[in-house]
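Taking it in order: structure first as structure tokens, then the write-up.
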Amino acid sequence: MSIDDKVRSIVKEFKAYVPGKSKEEIARNYGIDPERIIKLGSNENPWGCSPKIEEKLINEVSNLHQYPQPINPELMDEISKFTKIPVENIIVGGDGADEVIDNIMRILIDEGDEVIIPIPTFTQYAISAKIHGANIKWAKFDEENGFKLDVESVLNNITEKTKAIFLCTPNNPTGNVIPTEDIKKIVESTDALVMIDHAYIEYSKEEYDLTSWALKYDNVLILRTFSKVFGLAGQRVGYGVTSKKVVDYMMRIKPIFSLTRASQVSAITALLDKEFFEKCLKEGIESREEIYNGLKKFKQLEVYPTEANYMLVKVKNGMNSSEFCEALLKKGVIVRDCYSFEGLEPYYFRVSIGTSEENERFLKIMSEIVE
Ligand code: PMP
């Protein structure tokens with residue numbers, strides 16, 4: 001007997017998650033000065049977080065010996081004002097939106113239940129669903145059709161056993177949004193919970209925001225995060241907007257203290273600093289245009305239109321994505337090789353928005369590699 005015999009068989013099937021590469025890792029592996037490295041691999045905010053957060057965090061240090069509040073009323077109020085959603089319909093997650101995804105699976109899934117995931121999409125859904133015992137039914141974002149969601153591939157998979165459907169919009173990594181009518185059709189075809197992942201919604205058109213649907217439908221959860229436009233990926237704060245019933249169930253199993261004092265203070269301050277938010281959003285959208293237009297000029301690349309803070313690119317110069325990304329790494333540029341995304345051929349990478357200087361250097365290095 002060994003510990004191996006005690007570990008759940010489903011865990012043995014798992015491979016460790018492949019995250020975007022860090023600056024530290026590339027500096028070490030390629031002997032590059034970390035200052036020269038451009039990180040465009042993880043859909044972060046290149047302008048960082050609100051400058052007001054530093055002082056707040058320093059002030060919070062003297063409280064760090066005390067447990068945080070499991071629910072911080074000020075944070076709830078500020079999220080409520082920001083989203084125009086009552087506090088009772090909001091649940092905050094302390095490992096970011098990832099925690100909300102996992103908590104949803106924890107409240108819904110019994111062994112053998114089914115979850116529908118159109119691919120290619122954010123890989124965390126399948127990881128969480130599987131570990132809680134779900135069978136995954138794959139639907140598709142259709143590559144032949146500019147990665148438009150194949151609605152029938154979702155509807156045809158709905159059965160009595162369906163517990164959840166994940167719809168990422170704007171979708172990671174493809175960048176496009178799912179038309180509202182298609183989401184409505186899916187939501188109204190099932191009692192299963194439809195998670196509409198709006199991690200990147202701030203970068204999309206304002207009228208597209210579906211957050212208020214959480215008040216209209218019992219079976220909708222809208223996923224939001226502080227990791228993107230608010231620049232707080234390192235603080236791990238996300239939230240779900242959903243029916244009171246779902247909030248109530250999730251509150252029963254949520255890790256109690258997963259939001260730290262530091263993360264709470266950071267998220268509140270980020271919400272209060274409207275000026276910084278507006279600046280990051282405006283410059284983020286300009287940056288997206290800059291990279292998109294820059295990459296469009298290379299005929300050996302196919303660049304996909306996007307409503308997020310990144311875009312998907314197909315390499316057509318004879319290299320596969322791993323060779324291409326490796327060539328970029330050697331020159332100190334980190335993008336996201338998409339080979340690990342289920343449902344994508346090995347020719348795609350994803351690049352996030354950068355500052356103007358980063359974009360300029362990135363495009364110059366691209367021209368050296370593509371041609
Ligand atoms: N959803 C999508 C579509 C994402 O891309 C990400 C992060 N990459 C998340 C959710 C999770 O975000 P968080 O950092 O809040 O856990």
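Worth pointing out:
- Inter-probe distance in nm under a simple model that places probes 7 Å from Cα toward Cβ, at Tyr17 and Tyr67: 2.5
- Extension gain, Glu326-Lys6: 0.36 nm per intervening residue step, less the Cα-Cα distance, totals 111.3 nm.
- For a straight C-alpha distance cut-off of 23 angstrom, the lysines reachable from Lys274 (same-chain residues fewer than eight places away being disregarded) are Lys52, Lys56, Lys81, Lys84, Lys205, Lys228, Lys282.
- Per-peptide average of other Cβ atoms within 10 Å, ordering 232-243, 254-265 highest first: 232-243, 254-265
- Across segment 52-273, the convex hull enclosing all Cα atoms gives 115 Å³ per residue.
- Close amide-amide hydrogen proximity is noted between Thr162 and Glu114, each under 5 Å apart and 5 or more residues distant or on a separate chain (H modeled in the peptide plane; Pro and chain starts excluded).
- Of the DSSP H helices in the chain, those whose Cα atoms cover at least 18 Å axially and whose Kyte score averages 0.0 or more: 96-108
- Using a Förster distance of 30 Å, the FRET efficiency for Lys84-Glu55 (Cβ separation, nearest 0.05): 0.55
- Close amide H partners of Phe141, meaning residues 5 or more places away or on another chain with modelled amide H under 5 Å apart, are Ile119, Asp150.
- Part-to-part distance (alpha-carbon centres) for segment 187-214 and segment 262-335, which is given in Å: 22
- Gained length - Glu24 relative to Phe257, 0.36 nm times residue gap less alpha-carbon distance: 81.0 nm
- With contributions of -39500 (n - 2.57) from each DSSP H run of at least four residues, the per-residue ellipticity at 222 nm computed over the chain stands at -11000 deg cm²/dmol.
- Annotation: extensible slack from Glu302 through Lys245 equals 16.1 nm (criterion: 0.36 nm per residue apart, minus Cα-Cα distance).
- Geometric extent, Cα atoms of the chain - Rg, Dmax (angstrom): 20.6, 61
- Glu345 paired with Asn145, simple spin-label distance in nm, labels 7 Å along Cα-to-beta-carbon: 1.9
All of the numbers you see were taken from the coordinates with simple rules; none came from a lab. Just so it is clear, the structure is predicted and the values come from calculations on it, not from any experiment. We place every Cβ from the backbone using ideal geometry, glycine too, and count neighbours over all the protein chains shown.
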